[in-house]
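Chemist: Before anything else, here's the structure in question.
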Amino acid sequence: MTGASDDAESRSVTIYDIAAAAGVATSTVSRTFTRPGRVSAKTAAKVRAVAEELGYKSSPRPVTADHPATRLLAMMVADIANPFYATLVRGAQLTAAEAGYEIVLLDTRESGRRERTALDRILPVVDGVAVASSRMPDNALRTIAKQIPLVVINRELRGTVSVLSDNVGGTQSAIRHLRAAGHESVTYVGGPEASWNDGVRSRAVRDFAQSLGMRTTRIGPFLPTIEGGWTAGTQLAEQPPSAVIAFNDLMAIGIVQGLKANRVEVPRDVSVIGYDDIPAGRLCTPALTTIAIPARTLGSTAVTNLVALIRGARPGGEGNLVLSTKLIVRQSTGRVRPLF
């Protein structure tokens, strides 16, 4: 049997439907999706929530006399103070320049709220957006993708182009390395709760280590910084584990420092591994074993695909582009010491 709800689903949702459901003017709905900076954050959030509930699908902003192409791309990162993102942005900049575009950089300092505010302000003046390590929920990112070409980095999001690194493969290489060195357990030190990468890495450590007969523990979340790692390191020093895999290199460096401050030596007492392969990891003492993430290639690949979307391409298949990772063994990991 069919009813009123079936009739509603059989036709496209319009801005008039959204306006009626949200209790606002149609012009307000229009501005929310085309000129978000001219609508209050509270009203815009309400309109988007109603639009999402009704299944509204808007088209990317057309190039018209009122909305000309600007040749600008927005690149949003979680924390530009992290050298990983600086390398990613450089890859994006070089590729954008080759395609005739410039990059507008947005640093959200690990805040989903700042992401949303910054995007509302920047959408009217850019041709496309690349978002790296977003802390926003999936539905908010999908709403953005309905308005403007969007590529996400370090995040899997159905219906969009997602540029990822092979976290699982890299993590498995790290676990094999630890197992071969005699470690029977590993502790994963978690980063931000809203990080997609953190969830993938944590599960990969748990599942693969356990498949090799290793015990696993997780602590965190901690800030993805040296300071956050120091806090984790001092906590770990109370009962040192055999081996640690940290959410990123900055945390891993802080963990090493926090352990050493409490007279726990790396790698004599604890082996430590990070992710990213930032330059500081090669310079610290001991030099850091890490799962190298191709940051520059991530940025370049994201911009290549973003420009293609702007020019009319559509995501193929699931839209995921997965780049390989590599375990780089340095001095922060070693064999387990005999008890006697």
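The values are calculated or read from the model by the stated rules, or taken from the named source; none is laboratory data. Quantities reported herein were computed from a predicted structural model and do not represent experimental measurements. Reconstructed Cβ throughout: ideal geometry from the backbone, glycine too, with neighbour counts over all protein chains shown. Surface areas here come from the heavy atoms of the whole protein model, side chains and all, with no ligands, DNA or RNA. Shrake-Rupley method; radii C 1.70, N 1.55, O 1.52, S 1.80 Å.
Chemist: Report, to the nearest 10°, how far helix 226-236 tilts away from the longest principal axis of the Cα atoms in the chain, using its own Cα long axis and a range of 0 to 90°.
Modeler: Taking Cα atoms only, the helix is inclined about 50 degrees.
Chemist: To continue, here is another question. What residues have an amide H closer than 5 Å to that of MET76, excluding those fewer than 5 places away on the same chain, when H is modeled at 1.01 Å from N in the peptide plane?
Modeler: LEU106, ALA130, VAL131, ALA132
Chemist: Scan the chain and hand back the longest stretch that contains none of the GluC sites (Glu not before Pro) lying in DSSP loops with at most 11 other Cβ atoms within 10 Å. Please list the in-between numbers first.
Modeler: Working: sites that count: GLU193, GLU238.
Looking at the chain, 1-192 is the longest stretch - no exposed GluC sites (Glu not before Pro) with at most 11 other Cβ atoms within 10 Å.
Chemist: If you take the square roots of the eigenvalues of the alpha-carbon gyration tensor of region 168-253 and sort them as a ≥ b ≥ c, do you get rounded (a/c under 1.5), prolate (a/b over b/c) or oblate? Before the final figure, lay out each step's value.
Modeler: Values: a/c = 1.95, a/b = 1.30, b/c = 1.50.
Since a/c reaches 1.5 but b/c is at least a/b, the shape of region 168-253 is classed as oblate.
Chemist: Assigning unit charges at the beta carbon (Lys, Arg +1; Asp, Glu -1) and nothing else, what dipole magnitude in debye, to the nearest 20, does the chain show about its Cα centre?
Modeler: Values: 39 positive and 30 negative charges, 71 e Å.
That gives a dipole near 340 debye.
Chemist: Put +1 on the Cβ of each Lys and Arg and -1 on the Cβ of each Asp and Glu in the chain; which of GLY170, VAL322, LEU306 then has its Cα farthest toward the positive end of the dipole?
Modeler: It is GLY170.
Chemist: Still on this structure, I have one more. Taking all protein chains together and a probe of 1.4 Å, list SER324, SER195 from the most accessible to the least accessible.
Modeler: Final ranking, largest accessible area leading: SER324, SER195.
Chemist: Per residue, how large is the accessible surface of the chain? Use a 1.4 angstrom probe and give square angstrom.
Modeler: On the way: 15870 Å² over 340 residues.
Ligands and nucleic acids excluded, the figure is 47 Å² per residue.
Chemist: With all protein chains present, calculate the accessible area of THR225 using a 1.4 Å probe and round the result to the nearest 10 Å².
Modeler: Here the residue's solvent-accessible area equals roughly 30 Å².
Chemist: Now a separate question. Rounded to the nearest 500, what is the chain's calculated 222 nm mean residue ellipticity when only DSSP H runs of at least 4 contribute -39500 (n - 2.57) each, over all residues?
Modeler: Helix contribution divided over all residues of the chain: -13500 deg cm²/dmol.
Chemist: Further, regarding this structure: In terms of solvent-accessible area of protein heavy atoms at a 1.4 angstrom probe, what is the ranking of TRP230, TRP196, highest value first? Don't skip to the end; give the middle numbers.
Modeler: Values: TRP230 110, TRP196 65 Å².
Listed by decreasing accessible area, they come as TRP230, TRP196.
Chemist: Please work out the Cα center distance from region 213-282 to region 105-184, rounded to the nearest Å.
Modeler: The two parts, judged by their Cα centres, are 24 Å apart.
Chemist: On the protein heavy atoms, probe 1.4 angstrom, tell me the percent of accessible surface of the chain carried by carbon and sulfur. Can you show the working numbers first?
Modeler: Values: 8180 of 15870 Å².
Of all accessible area on the chain, carbon and sulfur atoms account for 52 percent.
Chemist: Please state the shape class of region 71-112: rounded when a/c is under 1.5, otherwise prolate if a/b exceeds b/c and oblate if not, all from the C-alpha gyration tensor.
Modeler: Values: a/c = 4.09, a/b = 1.70, b/c = 2.41.
Oblate, since a/c reaches 1.5 and b/c is not below a/b.
Chemist: Starting from the Cα of ILE219, step 7 Å toward the Cβ, then list every residue of region 249-283 with an amide N under 15 Å from that point.
Modeler: Only 251-266, 269-273 pass the distance filter.
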